[in-house]
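Presented below is the structure to which this report refers.
The values are calculated or read from the model by the stated rules, or taken from the named source; none is laboratory data. All of these numbers come straight from a predicted model, not from anything done at the bench. Cβ placement follows ideal geometry from the backbone for every residue including glycine, while neighbour counts extend to all protein chains displayed.
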């Protein structure tokens, strides 16, 4: 029964993750919102950043609640936030009476709901699976989180207006108002439905894992057996599903001890130097990824010929949003499952996936600065999108598994919640820099829209330097922990 409930919970987490990932969809309708409300690029990026604030700054709160509260109820509450946020954003798109701060608040609610779904689903998956399977338990759910934007960007085609224009969209373009209402209804309803089956199987799996580990190790303990020796012997054969229990003995192994003692207390993440270095690298990498994801629509407008019809522009924007989403998904799956294999077969640390993802993002920026030429810029932009999407997915697959392994599963929700401040900080800074560069180039050209690589090259260069620094930090951190080959279980 436990295995069946765990499978059902895993499928429910996939549904919840798909509903949680729509924040990456912003690029598919951002430029339509900008044109409808006559927003500057800086104002538009502030709205985008408010979603990041809602999603990432609330991470520690949602993480703590995921560790201590009913995660099914958390998912249902997150669904309400998503529905309210999208309906508010749709109203702000349709009416000029809704001020920009209200648009930002609506998008912050979307981020808040996304964070609740993400943390509750991820915590359930991590705690329902053995640490040896965390690459799978993390990689597959977060892959659906990354795939969400592609799914909804394709559904956007259903809202293309026909030959007759409406109040909210010209003929041949997307009816953004109706689309946003649709996304709100689907994500809100999907979250509440998925939450019904988000079962917590960690307690029974932990008892079963400890029993199996003791039997496989052939340990017969006595009342005088030292607890630390007993735990160390078990860990040589297998890693328990949840953090090791101090002094706890399985009734199948020791009939003279029937009372379990509390879990070993994990040290605070704030007391560990490795956490600060990992957080610093994560800030710069995630900020760069969010800068590109949120502004890919503006990049398309900057590079596409000025005479291009609106419908074609929107189709091109959907293409890049979809490519980011697919590669984001693939990066999460490949990194998650690949890190499991590299760890078990070659004893390589999971930090490999994070470094590889950072390298891809850095390479994408370099290509974007040096490889976009007039006349062929749109076709040359596709490799940039592919590389950045895959790298972004890789870092978001590797990082949670590393946090869980290095700093303990017992407080995973809380620890990962604090790490979600990294994209909030990095995304805000990078989005602000990008908006300032675009607006400055627009004023210099005396036009409403900015065209050419001059619009974003400066922002790309700054982000490139930050990514190089991030990769350097990760390489230094790898050396501090003993190199690529795992020599102790805590470095897996």
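Could you check how many residues of the range 257-270 are at pLDDT below 65 and outside any loop (DSSP other than H, G, I, E, B)?
The initial filter retains those residues of the range 257-270 that are at pLDDT below 65, namely 257-266.
Next, from what is left, pick out any that are outside any loop (DSSP other than H, G, I, E, B): 263.
Within the range 257-270, residues that are at pLDDT below 65 and outside any loop (DSSP other than H, G, I, E, B) number 1.
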Problem set entry | Breaking point among (1) farther than 29 Å from residue 485 by Cβ; (2) surrounded by 17 or more Cβ atoms within 10 Å (Cβ to Cβ); (3) more than 19 Å from the chain's Cα centre (by Cα); (4) modelled with pLDDT of 90 or more, for residue 363 | (1)
Exercise. Counting only residues that are surrounded by fewer than 24 Cβ atoms within 10 Å (Cβ to Cβ), closer than 30 Å to residue 175 by Cβ and touching a residue at least 60 places away in the same chain (Cβ under 8 Å), which one in the range 87-145 is farthest from the chain's Cα centre (by Cα)?
Worked result: 94
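Consider the range 271-297. How many of its residues are in a helix (DSSP H, G or I) and more than 22 Å from the chain's Cα centre (by Cα)?
2
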For this session: Evaluate the range 384-404: report whether one residue or more is buried (at least 24 other Cβ atoms within 10 Å of the Cβ), within 19 Å of the chain's Cα centre (by Cα), modelled with pLDDT under 90 and closer than 25 Å to residue 30 by Cβ.
Result: yes
For this session: Check whether at least one residue in the range 304-317 is within 18 Å of residue 368 (Cα to Cα) and under 22 Å from the mean Cα position of the chain (by Cα), and report yes or no.
Result: yes
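Can you pull out the residues in the range 163-193 that are at pLDDT 75 or above and farther than 21 Å from residue 153 by Cβ?
The answer is 192, 193.
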Exercise. From 430, 465, which residue is free of Cβ contacts under 8 Å to residues at least 12 places away in the same chain and within 30 Å of residue 139 (Cα to Cα)?
Worked result: 465
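Does the range 55-66 contain any residue that is assigned to a helix (DSSP H, G or I) and free of Cβ contacts under 8 Å to residues at least 60 places away in the same chain?
no
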For this session: Being outside any helix (DSSP H, G or I) and touching a helix residue (DSSP H, G or I) at 6+ places or on another chain (Cβ under 9 Å) is the filter here, so list the residues in the range 71-96 that pass it.
Result: 96
